[in-house]
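Here the structure comes first, spelled out in structure tokens, and everything after it is commentary.
The values are calculated or read from the model by the stated rules, or taken from the named source; none is laboratory data. Just so we're clear, the structure is a prediction, and the values are computed from it rather than from any experiment. Don't worry about glycine lacking a Cβ; one is built from the backbone with ideal geometry, like all the others, and counts go over all protein chains shown.
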Amino acid sequence: MAAGTMEQGEAQALIERYIHVDGFGRGPADARLTEYGTPVWALVGYYFGDAGRDLQRVAEDYEIPIDAARAALAYYHEHRPALDARLTLNAA
């Protein structure tokens, strides 16, 4: 199931379980996977780029649970402007 089609409660539970935004003044664009340290922007960029929108491939290639990849995509949908800006800066 794609993050865009999961129910809000399920998406929020995944975000709470897997996503961490530190309290040192960093915003949503600096969120990371709690247990893995992988930046959400990196997962999302890979998902929309080389992974061809395949969450299973993201999970396998980054060696993370599929639910962590789903959480990253759900978080992206909640914070799209900030993460899109980060992806644009990284691409420049």
Which one is surrounded by the most Cβ atoms within 10 Å (Cβ to Cβ) among residues in the range 59-83 that are in contact with a strand residue (DSSP E or B) (Cβ under 8 Å, 6 or more places away or on another chain) and small (Gly, Ala, Ser)? Ala72
Those residues of the range 46-88 which are hydrophobic (A, V, I, L, M, F, W, C) and more than 19 Å from Val21 (Cα to Cα) amount to Phe48, Ala51, Leu55, Val58, Ala59, Ile66
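So that you can scan it fast, the table gives a plain yes or no per residue for (1) over 20 Å from Ala13 (Cβ atoms); (2) among the charged types (D, E, K, R):
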| residue | (1), (2) |
| --- | --- |
| Val40 | no, no |
| Gly52 | yes, no |
| Glu60 | yes, yes |
| Arg70 | no, yes |
| His79 | no, no |
Looking at (1) farther than 15 Å from Glu16 by Cα; (2) of a type in the set (Val, Ile, Thr); (3) in contact with a Leu (Cβ under 8 Å, 6 or more places away or on another chain), find the lone condition where Val40 falls short. (1)
If you take just the helices (runs of 4 or more DSSP H) that sit entirely in the chain, which of them hold at least 3 residues that are more than 12 Å from the chain's Cα centre (by Cα), modelled with pLDDT of 95 or more and of a type in the set (D, E, K, R)? 55-62
Of all residues in the range 31-58, count the ones that are exposed (fewer than 14 other Cβ atoms within 10 Å of the Cβ) and within 9 Å of Ala72 (Cβ to Cβ). 0
